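As structure tokens, the structure follows; a few thoughts come after it.
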Amino acid sequence: MNRALLSLGSNLGDRKQHIETAIELIKQRVGEIEFVSSYYESEPWGFDSLNQFVNVCLTCTTMLTPFELLQKLKKIEQDMGRTKTKTTYEDRFIDLDIIFFNNENIQTQELTVPHPYYESREFVIIPLKEIVKEGHPFYHFIKS
């Protein structure tokens, strides 16, 4: 069994409902949810927008490989109406990122784990610290 930590975000429409829908689809398509953080509101990162994000982090167990997980998450985003119209960051109904996958270090064009920007993004670090406590398998990734 594999364990992953995911970051979820939405800044369009009913943001909290989009997060809830994504969590339900992750349960159905990915695996068992262990912990889900509280909602966290944040400013857009990497682009300008008037729309604030709602973010959560969750941990889950899965039988999927990291690349299968990535494909499942991309499909969930697509099924929820996410379309990319730019090569840069933009407003979105849902954004699903793999932050950690077991203790693996992966660096490919398609996937980088641990996520390269997780430490510089408060919208990841704050909810992550809420659910990853001492003794959790991902605790060693947290730098105080």
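The values are calculated or read from the model by the stated rules, or taken from the named source; none is laboratory data. This one's a predicted model, so the numbers in the text were calculated from it and none came from an experiment. Positions of Cβ are backbone-derived with ideal geometry, glycine not excepted, and every protein chain shown enters the neighbour counts.
Quick notes
- Of the strands (runs of 3 or more DSSP E) lying entirely inside segment 31-105, those containing at least 3 residues that are among the β-branched types (Val, Ile, Thr) are 53-62.
- Qualifying residue in segment 14-35 (condition: touching a Pro at 6+ places or on another chain (Cβ under 9 Å), more than 21 Å from residue 110 (Cα to Cα) and surrounded by 16 or more Cβ atoms within 10 Å (Cβ to Cβ)): no
- Among the residues making up segment 96-144, those that are among the acidic types (Asp, Glu) and either more than 23 Å from residue 38 (Cβ to Cβ) or touching a Ser or Thr at 6+ places or on another chain (Cβ under 7 Å) (or both) are 97, 104, 110, 122, 130.
- Condition broken by residue 69, with the remaining ones in (1) over 25 Å from residue 122 (Cα atoms); (2) touching a residue at least 60 places away in the same chain (Cβ under 8 Å) satisfied: (1)
- Figure legend. Inter-residue proximity from segment 1-14: first residues basic (Lys, Arg), second residues surrounded by fewer than 16 Cβ atoms within 10 Å (Cβ to Cβ) and not in a strand (DSSP E or B), beta-carbon distance below 9 Å, spacing 6+ or different chains. Indicated pairs: 3/102; 3/137.
- Evaluation of residue 83 against (1) without any contact (Cβ under 8 Å) to a residue 24 or more places away in the chain; (2) at positive phi (one fails), failing number: (2)
- Subset of segment 78-121 (residues that are closer than 30 Å to residue 140 by Cβ, buried (at least 16 other Cβ atoms within 10 Å of the Cβ) and charged (D, E, K, R)): 95, 97, 121
- Residues in segment 1-52 that are of a type in the set (Phe, Trp, Tyr) and touching a Phe, Trp or Tyr at 6+ places or on another chain (Cβ under 8 Å) were compared, and the one that is modelled with the highest pLDDT is 40.
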